[in-house]
Amino acid sequence: MKQITTPITDEIIRDLKVGDAVSLSGMMVTGRDAAHKWMIETFIKKTRPPQGDDLQVYEELKKLLAGSVIYHCGPVVTGLDTKEYKIIAAGPTTSIREEPYQADVMKHFNVKGVIGKGGMGAKTLKGCEETPGVYFHAIGGAASFLAQTVKKVHGVFKLDFGVPEAMWVIEVKDFPVVVTMDSHGGSQHSVIDDSSKKVLDDLLAQPY
């Protein structure tokens, strides 16, 4: 298993291949549908003017995300009243929902890794080649176990989106993932899709 700590360099990313098991440590930021839509509309496509603390958050995110990782995760968090935050469940969200946004977010913020489950599509794969970056597949159904790798919650942005949709800044130690999309055009998800389609086509071609 490869040990990698954020921030991650281009050289480390280029060295990763589909199938590599990785233990991640360092800072990452959670982000789901609301966060990605907000980043795209406000700062990349600029179809929505900045409001409230948007510009301040943007400047912080530029520093935090450069060379770092976005985690598709809607965590369960305690300590909301006291702001002594503790994440007690941190399982991955299905990533394909972010397919319209992910490549643009990766390139704009120089994000080196995206963590989620289920994989992503051709646009994100192209983004992995160009940024460069990788897609890390996390363990589904292991939210409590993954939460144990979160050593500290450093803060939260856009809590008004709601706890699951907010952008939580977390520090992890030995977060287990597998590379399933790399910066060389490799995608385990495409391989599975193609092989599954072939099996289906063969079944449909059988005489009854």
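Extension gain for the segment residue 23 to residue 53, taken as residue separation times 0.36 nm less the Cα-Cα distance, is 7.4 nm to one decimal. Between 154, 137, 36, the GNM of the chain built on Cα springs shorter than 10 angstrom shows 154 fluctuating the most.
A simple spin-label model places pseudo-atoms 7 Å from Cα toward Cβ; at residue 173 and residue 82 they are separated by 2.1 nm. The candidate values are (1) 17.6, 66; (2) 16.3, 48; (3) 21.1, 72; the one derived from this structure for Rg and Dmax of the Cα atoms in Å carries the label (1). Near residue 172, once Lys and Arg are set to +1 and Asp and Glu to -1 for all other residues with Cβ below 13 Å from its Cβ, the sum equals +1.
Neighbours of residue 53 by Cβ distance under 15 Å: Lys/Arg scored +1, Asp/Glu scored -1, total -1. Pairs 37/62; 62/123; 107/152: which exceed 18 Å Cα-Cα? Table pairs above 18 Å Cα-Cα are 62/123; 107/152.
Restricting the trypsin sites (Lys or Arg not before Pro) of the range 80-170 to loop positions (DSSP other than H, G, I, E, B) with no more than 14 neighbouring Cβ atoms within 10 Å leaves 83.
Length gained on full extension, residue 10 to residue 44, computed as 0.36 nm times the residue gap minus the Cα-Cα distance: 10.0 nm.
Among beta bridges identified by DSSP and lying wholly in the range 2-205, the antiparallel ones come to about 60 percent. Solvent exposure of the chain, expressed per residue, is 48 Å² of accessible area, with all protein chains present and a 1.4 angstrom probe. For the range 153-175 and the range 116-130, what is the centre-to-centre distance using only Cα atoms, to the nearest Å? Cα centroid to Cα centroid, the span is 22 Å.
The values are calculated or read from the model by the stated rules, or taken from the named source; none is laboratory data. All values derive from a computational prediction rather than experimental measurement. Here the Cβ is made from the backbone with ideal geometry for all residues, glycine too, and neighbour counts use every protein chain on show. All accessible areas refer to the heavy atoms of the entire protein, side chains included, with ligands and DNA or RNA removed. Shrake-Rupley method; radii C 1.70, N 1.55, O 1.52, S 1.80 Å.
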